[in-house]
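Read the figures in this text as sums done on the coordinates, not as results from a lab. Quantities reported herein were computed from a predicted structural model and do not represent experimental measurements. Here the Cβ positions follow ideal geometry from the backbone for every residue, glycine too, while neighbour counts run over all protein chains shown.
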Amino acid sequence: MRVLVSGGAGYIGSHTVIRLADAGHDVVVVDDFSNAKPTVVGRLEALTGRPVTVHSFDLTDVDKTEHLFSHEPIDAVIHFAGFKAVGESVTKPLDYYQNNLDSTFSLLRAMGRHDVRTLVFSSSATVYGAEPSLPMTEDLPTSATNPYGWTKVMIEQILTDVAASDDRWRIAALRYFNPVGAHASGDIGEDPSGIPNNLMPFVAQVAVGRREKLSVFGDDYDTPDGTGVRDYIHVDDLAAGHVAALDRISHADDPMSIWNLGTGQGVSVLQVIQAFERASGRPIPYEIAPRRPGDIAASYADPTKANTELGWRATKTIDDMCADTWRWQSKNPNGYPDA
Ligand code: UD1
């Protein structure tokens, strides 16, 4: 297939581009580079051994989106593009709702006009809300604790309604748990701008000496060691899940499908620190800090539905995730170069 990957220059998008190419798909990327460096593209071309077509614009631009679909043959879309910082979404809710929803509307309308009806959407376990029962199964009710999370809930609802309106659609929403790790080459990885919001990139920057110490947000949760428990999933396993989902919806009859992508294993903040120390051979200095507002004690998937229906499962351990993050971080201490 010829697959349009929105946000294909970003962290999860770039790893998925490689997996798609490995599976024999042709890839077209659309990315506005608002949160990605153009230098990722040359690395993708080197790793895949072929040119990657890139369109650089913002999908909220309806005319440019229409122009793309009228000039590129496209069979399917994987939609990653969107704003994703939880804290920022609280201070700039309108930016988040407008950007994440308008880009999806623009994409869906262009897809409908050009009879492209196969779509994989980048959703999040954040849609299970503030007090999920564990492990999380796809049939739990959805809600959110911040505007970013609500955009995921809302887009899932929109996709469900679109799929119900016309049974030619084949749509999947993939609910990611906590993506970490990097490509085995160490040439593609997560490159957050500014101070990382998420645990793994922060730990990696402490290990490489860019930050002095980690703050552990709370050690009094109702978890085995008191720190937050999450289901970390290697980004390459996650990327493989997209290829499996695309394959499945292309051959299945259901207009709308939802799958959790996680390992099913909960790992605490202290366990991540220890695993990263083993992987890097460096100490990770940390201090216990107050809980971060909006955090939940524990989150982990029941991945049975994806395992069974997609024939997919996560294969990599937390040690693999830390080793690959460290390879990326130590080869690229300051992330991707500007040019
Ligand atoms: C966060 C978002 C989630 C989003 C996901 C994307 C919040 C509240 N949630 O998930 O909506 O889909 O990122 O990957 O931001 N931690 C520390 N110190 C740090 C950073 C994190 O102790 O400097 C702890 C957190 O308290 C948590 C765990 O590490 O227990 C993981 O945090 P993080 O990587 O930010 O992911 P989530 O909060 O699970």
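Rounded to the nearest 20 debye, the dipole size of the chain about its Cα centre is 600 debye, using +1 on the Cβ of Lys and Arg and -1 on the Cβ of Asp and Glu.
Report the calculated FRET efficiency for N334 and L94 (r = Cβ-Cβ distance, R0 = 30 Å), to the nearest 0.05.
Numbers: r = 32 Å, r/R0 = 1.08.
The formula returns an efficiency of 0.40 here.
Using the Stokes-Einstein relation with a Kirkwood hydrodynamic radius computed over Cα pairs, the translational diffusion coefficient of the range 24-146 at 20 °C and a viscosity of 1.002 mPa s comes to 130 µm²/s.
Show me the ranking of peptides 284-292, 152-160 by mean Cβ neighbours inside 10 Å, starting with the highest. Intermediate values should be presented prior to the final figure.
On the way: 284-292: 13.0, 152-160: 18.9.
Descending packing order for the listed peptides: 152-160, 284-292.
The convex hull around the C-alpha trace of the range 203-286, projected and averaged over every direction, spans 7.5 square nanometres.
Between helix 235-251 and the chain there is an angle of about 30 degrees, using the helix long axis and the longest principal axis of the Cα atoms. One equal scatterer on each Cα of the range 158-197, no solvent, Debye formula: the resulting log10 I(q)/I(0) at q = 0.15, 0.26 Å⁻¹ is -0.65, -0.92.
Applying Stokes-Einstein at 20 °C and 1.002 mPa s to the Kirkwood radius of the chain, computed over alpha-carbon pairs, gives a translational diffusion coefficient of 106 µm² s⁻¹.
Per residue, the chain reaches -12500 deg cm²/dmol at 222 nm when only DSSP H runs of four or more residues are counted, each adding -39500 (n - 2.57).
Remark: the range 299-309, residue by residue, has Karplus-estimated 3J(HN,Hα) of 8, 8, 7, 9, x, 4, 5, 5, 4, 6, 7 Hz, where x stands for each Gly or Pro and the curve is 6.51 cos²θ - 1.76 cosθ + 1.60 at θ = phi - 60°. The share of Cα pairs per 5 Å bin across the range 55-104, counted from zero up to the longest distance, runs 4, 19, 24, 23, 13, 9, 5, 2 percent.
Pairing the Cα long axis of helix 39-48 with the longest principal axis of the chain, what angle in degrees results, from 0 to 90 and rounded to the nearest 10? Rounded to the nearest ten degrees, it is 80. Over the range 1-132, Cα pairs under 8 Å with separation of 6+ residues give a relative contact order of 27 percent.
If I fit a long axis through the Cα atoms of helix 93-113 and take the longest principal axis of the Cα atoms of the chain, what angle between them do I get, 0 to 90°, rounded to 10? Rounded to the nearest ten degrees, it is 40. Amide hydrogen proximity for Y286: with H placed 1.01 Å from N in the peptide plane, the residues at 5 or more positions away or on another chain lying under 5 Å are L214. Of the two radii for the range 267-339, the radius of gyration is 1.06 times the Kirkwood radius, both from the alpha carbons; that is the Rg over Rh value. Of all DSSP bridge pairs formed entirely within the chain, close to 5 percent run antiparallel. FRET efficiency for the K213 to A23 pair, using the beta carbon distance and R₀ = 30 Å, is estimated at 0.15. Under the criterion of Cα pairs below 8 Å and six or more residues apart, the relative contact order for the chain equals 20 percent.
The largest-to-smallest principal axis extents of the Cα set in the range 92-215 are 53, 35, 31 Å.
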